[in-house]
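Trainee: Shown below is the structure under consideration.
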Amino acid sequence: MAGFMEGDGSFLFGKNRYLVVTAAQVQRWPLERLQRLCGGSISERRSKNPKWSLIYIWTLTGPVAAGLMMTLYSLMSEHRKGQIKQALIGWKTKQIPNIFKTACPQGHAYTEENTRIYQGSRQSRQCQVARDKIRTAYRRKAA
């Protein structure tokens, strides 16, 4: 697998801010083998030039792609190691989506009792109480 990925693989941190490992081939069977071993998906790409062959592209994304990159890293050339390093650095510094966070920005835990959904986003009840106190004080001052 390392030799195949060295020649035909690509290791990226994609525009959509996720890790991507890809390999492209004219023959589908090597990519099906990768898919059986690692998962991922295979797609077809046709060229606008009718003389060119159909190309198959295997794609693996997310944490599984990170695992594959880390597994293959020591077996790759310096060029591929550089690609893997850049991709993993981008992935590690990526901000965690709010849906996966376990606490609000002030550090209050998102537990069932402490979480309120307001206009489609989560808020901790402690933060909501603090905001309500500030609003009440502001309204009293304005009146």
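Derivation of every value follows stated rules applied to the coordinates shown; laboratory data play no part. In this text the structure is predicted, and so the values were computed from the model without any measurement. Virtual Cβ from ideal backbone geometry, glycine too; neighbours counted across all protein chains shown.
Trainee: Angle check, please: helix 125-142 long axis (alpha carbons) against the longest principal axis of the chain (alpha carbons), in degrees 0 to 90, nearest 10.
Mentor: 50 degrees
Trainee: A further question on this structure: Need the list of lysines near residue 94 for cross-linking: C-alpha distance under 24 angstrom, and skip anything on the same chain fewer than eight residues off.
Mentor: Within the straight-line limit of under 24 Å, residue 94 reaches these lysines: 15, 81, 85.
Trainee: Further question: By how many degrees, between 0 and 90 and to the nearest 10, does the Cα long axis of helix 62-72 differ from the longest principal axis of the chain?
Mentor: Here the helix axis deviates by roughly 50 degrees.
Trainee: With angles folded into 0 to 90 degrees, how steeply does helix 78-93 sit against the dominant principal axis of the chain? Use alpha carbons for both and round to 10.
Mentor: 20 degrees
Trainee: Under a crude label model (7 Å from the Cα following the beta-carbon direction), how far is residue 28 from residue 86 in nanometres?
Mentor: In this crude spin-label approximation the distance works out to 3.3 nm.
Trainee: While we're here: Just to verify a number: FRET efficiency for residue 73 and residue 142, C-beta to C-beta distance, R0 = 41 Å, to 0.05?
Mentor: Values: r = 60 Å, r/R0 = 1.47.
The value I calculate is 0.10.
Trainee: Excluding same-chain residues fewer than 8 positions from residue 133, which lysines have a Cα within less than 24 Å of its Cα?
Mentor: Answer for residue 133, where 24 Å is the Cα cut-off: 141, listed by chain and number.
Trainee: Still on this structure, I have one more. From the helices alone, meaning DSSP H stretches of at least four residues, give me the mean residue ellipticity at 222 nm for the chain, per-run term -39500 (n - 2.57), in deg cm²/dmol to the nearest 500.
Mentor: My calculation for the chain gives -13500 deg cm²/dmol from helical runs alone.
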